[in-house]
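Nothing in this text is a laboratory measurement; each read-out follows from the coordinates by a stated rule. The model shown is predicted, which means the values in this text are computed figures rather than measured ones. Glycine also receives a Cβ, built like all others from the backbone with ideal geometry; neighbour counts cover every protein chain displayed.
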Amino acid sequence: MDNNIEDINKWGQASEFCCAEDFVKPPRFIKSLRDIAVRKGDTVELEVTIEGSEPLRCLWIKEEVEISSDTSGFQVVCPEKGRYILRILSIEDTAVYICEAYNHAGDTDCWCQVIVTDDELLLPPSKGPSITPYFNGIPPSFQFKEGCKAEISVSFQGSPTPVAEWQFNSDEGANRYKVLSDNYHSVLQIDPVTLAEEGMIECTVWNTGGSSTALIEVIVVPSERDKIGSGYTGGKRKSFEKIPAIIKGPEDIFAIRGSEVLLEALFVGKPEPSVVWLKGNEVLETSGRISSSVKDGFATLHLRDVSDDDCGKYIIVVANSHGSDCHFASVNIQGPPDPPREAPNVSEIVDGGVTLSWYGSAYDGGKAITGYIVEYAEESELDWKILTRCNSTSFVVSNLKSSCWYRFRIKASNIHGDSLPGIETDAICLQSGPVQRRVSAYSIVSDEGETEPIFPYRKVEIEDGLTFAQRYSVYEEMGKGRFGVVYRAMHCNLIQPRAAKFVRCLKGADREKVKKEIEIMNLLRSPKLLQIEAAFDLPKEIVIVTELITGGELFERVVADDFTLTERDCILFMRQICEGVQYMHSLSIVHLDLKPENILCVTRASHSIKLIDFGLAKQLNGSEPLRVMFGTPEFIPPEIVSYEPVTLASDMWALGVVCYVLISGLSPFMGDSDAETFSNITRGDYDFDDEAFFSISQEAKDFIASLLAMKPEQRLTATD
């Protein structure tokens, strides 16, 4: 036993983060399967929790037949590392289910019987409502002498009569364990007890009303032969050293903005481990809002007055001179949504009425948007009144008084309440003729509160190149690509600078490609898509004049030293990207070159973005499949690699890669060569194992996975 302890102590060393371990840890069930009785046709979930070194694999078996995610009637789910769920859809028959876990160090399994019955659950009958089980006072510890027979007894209450289960410390000598249960008592017998049993033993009691778990410390006094030369003196036992272990880690939690969050963990280890809490890779320091405590193997982290910035994965690390252990928990902060980012757009439909349309909220508050509130105010009034509540992002306002000036604004709602009011419209007035507006110098406000100049939509025809020099002055170079150069330009009658892209057109085919790009841009009338102002035909090139975007590439922004990227920032960016893609897809236009270089920030200080570069974009024709052989290798979907028809879903794959890169700074399919990259793409070979994902929520990983589905029809759409 002493040699084992000495070997174990070489596993790792303490650090402020989870230490790298050189050993391979065999799999062990923290939570095993248990027999259950269900009604025919029910959906049943079998769940296990496994620990062990990666790569760790979990296999489900029913009556000696392996179950996979493709097996009809079953779903195999791994919601987070170490948790494995087998979901049985509409169960039909009684059967034995086995869960096997294995890695390079070994394997283990557990099993249960699922009994299908038309009667009530096969538990002792209850004459009243279900009562969640609870224990009748348990001593915090039991002490036994090594080699003797040990009995640990618990008593409990509950209705129906609870069933008791025990989790042991040692996997060795299972024949030494025996459980005796009778009504509201359960006894665990260990004969003989060894030093391997020292530590925490878990007893769980459960019924249809719920479950309750007790943790009991077992202390084993060494036998006389072990006392000789072991430092055992004066009848007092030696304190055996242990690698730290988190017995019960903090659980995932969601909270409302402004409330409190309490994360708790139970751990063991000798010498007493140090405890560190982290969010992402940053150690949490005590402040007026954040506090932590450690006492007798119980650690807590207390967050007060929580906000959206507190969302994310929290890590507890316990460490001493012999090793360390860690556990993760996600904190999801919910509340009313953010208001719509921009003022509603106003357009006239008939005399006496206008149409309001608007974009959704940048952030939904953690719960789906349930509707919008349209408010109005006459210019002479200070109070805003509710005009209507609606579920869509547009509303027709009728019966407006002529010669009266109105303003409109929008609030968003979810189950937690209403957002703050959004940006109000300019004052409008219905008179004979078109709608009259009092337009300010700026009409678009970003999520950071910065105003963006109005850029009117227009249909552009390619003009004679001689007029370009008459209307625009060209200044410094701003960027260069394979097909041309971008310069800053100024219109002789405008204050705002523009971007002038000079595209080389040495062949007739080159000129046709640029003309197709201009045709596509003429259709794109969304503030999330780069807008075109003019185009000019020169002898060896075509000049495309567009709005000027000064914020630089999105990826350069998020990796800057003065910017800390949070998961909420990613949500804001991805929502805007999806808005731009959704607009393109509504016109059956597929971008086909979505990548970080083609996503620009409007300014260096804002969260507003625009999509650019529509040189590869195509408008799909439902009757003629489109196959292409171009794109950036890291971002193209499997169907392009396989030369299959592209669809709108091809863009969604690229969005999944962009989101992966944005969150982690890593490229999911990048190989040492294009051929290796293509091979990784066709096999869907990616993972979330890098430490960059330790602090990323399961929801974010699920979002990426739903975009990187191998079958196009299974991917999320931009509308989703």
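Do you know the relative contact order of the chain, to the nearest whole percent, from alpha carbon pairs under 8 angstrom that are 6+ apart?
Details: 1566 pairs, mean separation 50.7, N = 720.
Reported relative contact order: 7 percent.
Rounded to whole Å and sorted largest first, list the principal axis extents of the Cα atoms in the stretch 283-382.
80, 26, 19
For n ≥ 4 DSSP H runs only, could you compute -39500 (n - 2.57) per run for the chain, divide by its residues and tell me the 222 nm figure to the nearest 500? Mind dumping the intermediate values first?
Values: 10 runs with 98 residues, N = 720.
So the calculated ellipticity at 222 nm is -4000 deg cm²/dmol.
Which three lengths, in whole Å and largest first, does the stretch 504-546 cover when its Cα atoms are put on their principal axes?
33, 16, 11
In the stretch 80-116, which residues have a backbone nitrogen under 14 Å from the label point lying 7 Å from R57's Cα in the Cα-to-Cβ direction?
Under cut-off, by backbone N: 100-108.
For D426 and E461, what is the calculated FRET efficiency with R₀ set at 30 Å and r taken between the beta-carbons, to the nearest 0.05?
0.50
What shape does the stretch 32-117 have by the C-alpha gyration tensor, where a ≥ b ≥ c are the square roots of the eigenvalues, rounded means a/c under 1.5, and otherwise prolate means a/b greater than b/c and oblate the rest?
On the way: a/c = 2.04, a/b = 1.82, b/c = 1.12.
Since a/c reaches 1.5 and a/b is larger than b/c, the shape of the stretch 32-117 is classed as prolate.
Using the scaling law 2.2 N^0.38 Å as the reference, what is the normalised Cα Rg of the stretch 363-424?
Details: Rg = 12.9 Å, N = 62, 2.2 N^0.38 = 10.6 Å.
It is 1.22.
Could you list the square roots of 5 times each eigenvalue of the Cα gyration tensor of the stretch 242-334, that is, the equivalent ellipsoid semi-axes, sorted largest first and rounded to whole Å? Before the final figure, lay out the partial values.
On the way: eigenvalues 119, 28, 24 Å².
Calculated on Cα positions only, the semi-axes equal 24, 12, 11 Å.
Of G552, S398, S292, whose Cα points farthest to the positive end of the dipole of the chain (charges on the beta-carbon: +1 Lys, Arg; -1 Asp, Glu; origin at the Cα centre)?
S398
Any chance you could run the full-extension gain for D42 through S380? It's 0.36 nm times the residue separation minus the Cα-Cα distance, nm to one decimal. Before the final figure, lay out the partial values.
Details: separation 338, 0.36 × 338 = 121.68 nm, distance 6.18 nm.
Going from the current span to full extension adds 115.5 nm.
Go through G199, L594, L666 and say which Cα lies farthest out towards the positive end of the charge dipole of the chain; charges sit on Cβ, +1 for Lys and Arg, -1 for Asp and Glu.
It is L594.
Bin width 5 Å, origin at 0, all Cα-Cα pairs of the stretch 554-714: what percent of pairs per bin?
All Cα pairs, binned at 5 Å, distribute as 1, 8, 18, 22, 20, 16, 9, 3, 1, 0 percent.
Along the charge dipole of the chain, which of S650, P633, P340 sits closest to the positive end, that is, farthest toward it, with unit charges on the beta carbon of Lys, Arg, Asp and Glu (+1, +1, -1, -1)?
Comparing the listed Cα positions along the dipole, P340 ranks first.
For the stretch 32-117, what does the relative contact order come out to in percent, with C-alpha contacts under 8 Å and a separation of six or more?
On the way: 182 pairs, mean separation 35.2, N = 86.
Relative contact order here is 41 percent.
If you average 1/r across every pair of different Cα atoms in the stretch 524-610 and take the reciprocal, what Kirkwood value do you get, in Å? It would help to have the intermediate numbers written out before the result.
On the way: mean 1/r = 0.0697 Å⁻¹.
Answer for the stretch 524-610: a Kirkwood hydrodynamic radius of 14.4 Å.
I want to check the label-to-label distance for T566 and S223. Put each point 7 Å from Cα in the C-beta direction and report it in nm to one decimal.
Simple spin-label model gives 5.9 nm for this pair.
Quick one: what Rg and Dmax do you get for the chain from the alpha carbons, in Å?
Expressed in Å, the Cα Rg and Dmax of the chain come to 32.2, 106.
Evaluate E = 1/(1 + (r/R0)^6) for D305 and Q714, where r is the Cβ-Cβ distance and R0 equals 35 Å; express this FRET efficiency to the nearest 0.05.
Here the calculated transfer efficiency is 0.30.
With a length cut of 18 Å (Cα positions projected on each helix's long axis) and a Kyte-Doolittle mean of at least -1.0, go through the chain and give me the DSSP H helices that pass. Spell out each step's value before the answer.
On the way: long enough: 508-523 (23 Å, -0.84); 567-586 (28 Å, -0.18); 649-664 (23 Å, 1.56).
Flagged H segments are 508-523, 567-586, 649-664.
Over the stretch 462-547, calculate the relative contact order: mean separation of alpha carbon pairs under 8 Å at least 6 apart, over the residue count, as a percent.
On the way: 144 pairs, mean separation 26.3, N = 86.
The value is 31 percent.
Given the Cα-Cα distance of S403 and R525 and 0.36 nm per residue of separation, how much length would full extension add, in nm?
Details: separation 122, 0.36 × 122 = 43.92 nm, distance 3.05 nm.
Roughly 40.9 nm would be gained on extension.
What FRET efficiency comes out for S394 versus S291 if R0 is 51 angstrom and r is the Cβ-Cβ distance? Round to the nearest 0.05. Show your work: numbers first, answer last.
Numbers: r = 48 Å, r/R0 = 0.93.
Given R0 = 51 Å and the Cβ-Cβ separation, E is 0.60.
Could you work out how much longer the chain between I256 and S274 gets when fully extended? Use 0.36 nm per residue separation minus the Cα distance between them, nm to one decimal.
Full extension of this stretch gives 3.4 nm more.
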